[in-house]
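To start, the structure itself, in structure tokens.
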Amino acid sequence: MINRLEASTFMLRVVLGISFFVHGLDKFQGGIGNVAGWFDSIGLPGGFAYVVALVELVGGLAMVLGLGTRIVAAFISLLMVGAIFKVKLAAGFLNGYELDLAFLAIAVFLAINGSKMLAVDQMISNWKENRSENNQAV
């Protein structure tokens, strides 16, 4: 029987992961140098654009796979706090930071709770547990 909470958490993990993967991919495809220039223009080091894009791209993919979900979610939470306060807050809630706030809430939830359903982390953990039990039985 499927646990409804875990199924819902899985859905949040996959949607957030895809969303961030696409955002990171867009930064690289659109010209990461342009993004770095924009970061410079708002008072952030341009090199930070590469860090953000990598967290989004690699972290998004890892989150979809369920690999390091809690850690990736914590990094995404930090990115969202930065985006809200550095860029979006001045625009207001509507057409400003509402989506970032939703992403932040989902990321904090995942950072606290994790997500085990169809997660690589869980599969590795189960494999290690089974291997340990088999070794003890011998």
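Just so it is clear, none of the values below were taken in a lab; they were calculated from the coordinates. This one's a predicted model, so the numbers in the text were calculated from it and none came from an experiment. Methodologically, a virtual Cβ is constructed for each residue, glycine included, from the backbone with ideal geometry; neighbour enumeration extends over all protein chains shown.
Scanning the stretch 29-49 for residues that are touching a Phe, Trp or Tyr at 6+ places or on another chain (Cβ under 9 Å) and within 30 Å of residue 121 (Cα to Cα), we see that the one that is surrounded by the fewest Cβ atoms within 10 Å (Cβ to Cβ) is 48. The set of residues from the stretch 102-138 being within 18 Å of residue 19 (Cα to Cα) and either loosely packed, with under 15 Cβ neighbours inside 10 Å or touching a Cys at 6+ places or on another chain (Cβ under 7 Å) (or both) comprises 102, 105. Looking at residue 28 and the list (1) over 9 Å from the mean Cα position of the chain (by Cα); (2) in contact (Cβ under 8 Å) with a residue 60 or more places away in the chain, which single condition is not satisfied? Evaluating residue 28 over (1) over 9 Å from the mean Cα position of the chain (by Cα); (2) in contact (Cβ under 8 Å) with a residue 60 or more places away in the chain leaves (2) as the failure. Name the residue, out of 19, 8, 77, that is assigned to a helix (DSSP H, G or I), free of Cβ contacts under 8 Å to residues at least 12 places away in the same chain and among the polar types (S, T, N, Q). So the residue among 19, 8, 77 that is assigned to a helix (DSSP H, G or I), free of Cβ contacts under 8 Å to residues at least 12 places away in the same chain and among the polar types (S, T, N, Q) is 8. Of all residues in the stretch 97-107, none are touching a residue at least 24 places away in the same chain (Cβ under 8 Å) and among the hydroxyl-bearing types (Ser, Thr, Tyr). The set of residues in the stretch 1-38 that are in contact with a Leu (Cβ under 8 Å, 6 or more places away or on another chain) and small (Gly, Ala, Ser) comprises 17, 24.
Going by what's in this entry, would residue 118 be described as within 28 Å of residue 9 (Cα to Cα) and in a loop (DSSP other than H, G, I, E, B)? Here the answer is yes, as residue 118 does meet what is asked. Taken together, the residues in the stretch 83-100 that are loosely packed, with under 15 Cβ neighbours inside 10 Å and assigned to a helix (DSSP H, G or I) amount to 10.
Only one entry in 58, 64 is touching a Lys or Arg at 6+ places or on another chain (Cβ under 8 Å) and not hydroxyl-bearing (Ser, Thr, Tyr), namely 64.
Restricted to the stretch 1-28, and to residues there that are under 22 Å from residue 100 (Cα atoms) and β-branched (Val, Ile, Thr), the residue that is surrounded by the most Cβ atoms within 10 Å (Cβ to Cβ) is 9.
Screening the stretch 27-58 for residues that are of a type in the set (Gly, Ala, Ser) and outside any loop (DSSP other than H, G, I, E, B) and picking the one that is farthest from residue 69 (Cα to Cα) gives 41.
On the stretch given as the stretch 92-118, residues that are more than 14 Å from the chain's Cα centre (by Cα) and closer than 21 Å to residue 3 by Cβ total 3.
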